[in-house]
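Scroll down for the structure; my scribbles are underneath it.
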Amino acid sequence: MSKDSKFNTNICCVGAGYVGGPSMVVIADKCPNIKVTVVDLNEKRINNWNDKNFENIPIFEPNLIPLLKKTRNKNLFFSTNIEREISLADIIFICVNTPTKKSGIGAGRASDLKYIESCAKQIALHSKGNTIVVEKSTVPVKTAEVIQNILNKDVNTNLDINKTFSVLSNPEFLSEGNAINDLQNPDRVLIGGNDSYSINCLSSIYEKWIDKERIIKTNLWSSELSKLTANAFLAQRISSINSISAICEKTGADIKEVAKAIGGDKRIGENFLSPGPGFGGSCFKKDLLNLVYLCEYYNLQEVADYWTEILKINEWQQKRISKIIIDKFSGNISGKIISIFGFAFKANTNDTRESPSINICKDLIEAGANLKIYDPKVSKFEIKSSFNTEFEPANDTDQQNILKSLNEHWSYVDNLYECADNANAIVILTEWREFMNLDWSLIEMKMKKDSWIFDTRLITNQIAIKKTEIKLWRLGNQN
């Protein structure tokens with residue numbers, strides 16, 4: 001029985017970010033008999049989720065707002081009253097951030113579990129009766145044990161025999177920019193646990209719209225490791241195809257043709273073979289570093305070295321693109337105006353975390369360029385925050401000077417064609433659809449003579465550009 005008798009089940013989700021928000025919107029839509037409340041300490045974020053005009057929703061995802069309009073304030077709620085919602089919940093999803101540690105043992109590689117631990121303490125303190133606790137954040141193997149120990153410690157300390165917990169692992173596998181579809185039509189749902197009753201309770205929710213055959217049930221540790229491994233394999237594919245793009249540029253092969261040829265092999269498949277400036281987002285780098293730390297912890301150095309190389313290729317690809325741009329101007333871009341088309345790490349999201357654009361922009365500014373940046377969904381504030389985060393904490397004078405220089409040598413433009421004004425080059429870094437069929441004759445009139453287009457996403461209309469005097473460089477092609 002739900003702790004709120006108006007609904008069959010009460011769900012509380014701690015964390016109103018990229019995982020918690022969309023995941024709970026879809027659950028609320030598919031399960032109208034369940035009350036879903038998303039809680040967060042960030043009052044501004046919660047206020048944005050509750051924005052009556054739906055104009056300030058904190059994340060951009062296609063098809064998110066229609067579902068939000070359908071469910072919000074019916075069986076989906078957003079609140080900062082964490083204590084109350086935890087006390088009412090039958091099931092609590094933990095969807096908080098797990099950043100890479102900045103200090104202490106494992107700094108720079110291991111995940112920082114401070115938010116997970118804080119959340120577990122809140123649950124231990126305020127929950128009532130039997131509560132199923134579901135870790136949905138990407139976490140290191142054995143995190144469920146950490147959560148369980150915190151929960152048990154409170155029960156044992158307070159001798160509360162009426163309070164019990166079951167911890168499950170239910171990692172998300174959504175892809176930003178396609179999150180709603182991934183949640184509505186997942187390849188699989190993974191539930192790990194040691195308590196079959198709790199596993200079946202969570203499974204019964206997903207069974208409202210997902211076939212049982214696609215719900216995989218494992219032990220806790222298999223579930224936790226599967227999430228890290230999935231992201232590591234996907235990152236590996238991106239780094240692999242990007243490494244081949246460099247060979248194509250030297251030999252005359254076309255990277256899109258190569259990708260199509262190898263993707264036609266059913267043993268390989270076509271997904272995640274799109275070359276680009278490198279992978280980004282909140283998970284791939286963080287999870288690879290976490291996996292490397294795990295391997296080193298268990299003295300598997302050769303395995304750690306293998307996964308480290310995937311990260312090195314990703315960083316190399318970004319540096320390689322920066323160098324190519326500089327080399328096309330005979331090694332000197334000092335005073336050049338370079339327009340950046342796209343700052344999000346991929347299309348159909350406003351997420352800039354670990355975006356390749358950050359490092360490439362930084363390289364170009366350090367080489368003397370002045371940048372104009374346009375992205376249809378990323379604001380000036382978000383771009384500035386991305387640069388600032390790169391240098392946090394900016395304690396020493398050198399870092400402070402670099403950050404100051406960065407912020408003095410880029411400007412935000414909210415119109416794509418205005419962004420091309422007086423530019424020596426345009427660099428396309430995000431595969432937004434609106435970049436695919438631009439009026440290149442108009443852009444040619446706006447740009448300076450002897451200008452360049454650097455297409456790192458292979459989305460430009462080559463025929464249209466060839467009708468102009470603009471020079472074109474495309475990733476993975478002999479230029």
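Taken together, the values in this text are just the output of simple stated rules run on the coordinates, not laboratory data. Treat the numbers as computed from the prediction; the structure is a model and nothing was measured. When we count neighbours, we look across all protein chains shown, and the Cβ atoms used for this are built from the backbone with ideal geometry, even at glycine.
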Angle check, please: helix 143-158 long axis (alpha carbons) against the longest principal axis of the chain (alpha carbons), in degrees 0 to 90, nearest 10. 30 degrees
Assuming a strict under-25 Å limit between Cα atoms, what lysine pair count do you get for the range 19-112 once near-sequence pairs (fewer than 8 apart, same chain) are dropped? 16
Loop only by DSSP, 10 or fewer other Cβ within 10 Å of the Cβ. Give me the trypsin sites (Lys or Arg not before Pro) in the range 407-459 that pass, ordered by residue number. K449
When DSSP assigns beta bridges and you keep just the ones with both residues in the chain, what percent turn out antiparallel, to the nearest 5? 5 percent
Whichever aspartates and glutamates have a C-alpha closer than 16 Å to that of K467, once near sequence neighbours (fewer than 8 apart) are set aside: D439, E444, D450
Treating only the Cβ atoms of Lys and Arg (+1) and Asp and Glu (-1) as charged, compute the dipole magnitude of the range 252-474 about its Cα centre; round to the nearest 20 debye. 660 debye
Rg/Rg_globular for the range 9-218, with Rg_globular taken as 2.2 N^0.38 Å and Rg from C-alpha atoms: 0.99
Evaluated at 4 °C with a viscosity of 1.567 mPa s, what Stokes-Einstein diffusion coefficient in µm²/s does the range 358-461 have when Rh comes from the Kirkwood expression over alpha-carbon pairs? 87 µm²/s
Anchor K466: lysines whose Cα lies under 25 Å away (excluding residues fewer than 8 positions away in-chain): K250, K256, K260, K323, K328, K336, K372, K446, K448, K449
Loop-located chymotrypsin sites (Phe, Trp or Tyr not before Pro) in the range 196-281 whose Cβ has at most 15 other Cβ within 10 Å (DSSP): W209
I'd like the Karplus ³J(HN,Hα) series for the range 292-301: coefficients 6.51, -1.76, 1.60, θ = phi - 60°, whole numbers in Hz, and an x wherever there's a Gly or Pro. 4, 4, 4, 5, 5, 4, 9, 6, 9, 5
Dipole in debye (nearest 20) - the chain, about Cα centre, beta carbon charges: Lys, Arg +1; Asp, Glu -1: 580 debye
Each label sits 7 Å from Cα toward the beta-carbon; between D439 and S240 the label points are separated, in nm, by 4.4 nm
Partner aspartates and glutamates for K163 [C-alpha distance under 15 Å; skip if fewer than 8 residues away on the same chain]: D90, D154
Gap in Å between the Cα centre of the range 162-198 and the Cα centre of the range 28-103? 16 Å
With r as the distance between the Cβ atoms of Q400 and W316 and R0 = 30 Å, compute the FRET efficiency 1/(1 + (r/R0)^6) and round to 0.05. 0.60
Of (1) 0.95; (2) 1.14; (3) 1.00, the label for Rg/Rh (Cα atoms, Kirkwood Rh) derived from the coordinates: (3)
Please list, ordered by chain and number, the residues whose modelled amide H lies under 5 Å from the amide H of F93; skip anything fewer than 5 residues away on the same chain. C12, C13, V14, V134
Just name one of S166, I247, S322: the one whose Cα is farthest towards the positive end of the charge dipole of the chain (beta-carbon charges, Lys/Arg +1, Asp/Glu -1). S166
Loop-resident sites, the range 36-109, for GluC sites (Glu not before Pro), counting at most 13 other Cβ within 10 Å (DSSP): E55
Between K212 and I247, take the C-beta separation as r, use R0 = 35 Å, and let me know the FRET efficiency to the nearest 0.05. 0.20
When M447, M436, M24 are ranked with the fewest other C-beta atoms within 10 Å first, the list becomes M436, M447, M24
Would you order T349, T397, T308 from fewest to most other beta-carbon atoms within 10 Å of each residue's own beta-carbon? T397, T308, T349
Quick one: which residues, 5 or more positions from N130 or on another chain, have an amide H under 5 Å from its amide H? H modelled 1.01 Å from N in the peptide plane, none for Pro or chain starts. T164
With the radius of gyration and the Kirkwood radius both derived from the Cα set of the range 252-474, what is their ratio Rg to Rh? 0.99
So what J values fall out for the range 274-287 if you push phi through Karplus, 6.51 cos²θ - 1.76 cosθ + 1.60 with θ = phi - 60°, rounded to Hz, Gly and Pro as x? 8, x, x, x, x, 7, x, x, 7, 10, 4, 5, 4, 6
Spin-label proximity, K142 to the range 109-123 - amide N less than 17 Å from point 7 Å beyond Cα toward beta carbon: 109-114, 117
Mind pulling the angle between the C-alpha long axis of helix 380-390 and the longest principal axis of the chain? Nearest 10 degrees, somewhere in 0 to 90. 80 degrees
Kirkwood Rh, Cα Rg: Rg to Rh for the range 395-447? 1.14
What FRET efficiency do you get for S118 and N415 if R0 is 56 Å and r is their Cβ-Cβ distance, rounded to the nearest 0.05? 0.85
I need I324, I86, I463 ordered by Cβ neighbour count within 10 Å, fewest first. I463, I324, I86
Where does the range 1-51 land on the Kirkwood hydrodynamic radius, alpha-carbon pairs, in angstrom? 11.5 Å
Rounded to the nearest 10 degrees, the helix 220-251 long axis (Cα) sits at an angle to the longest Cα principal axis of the chain of 10 degrees
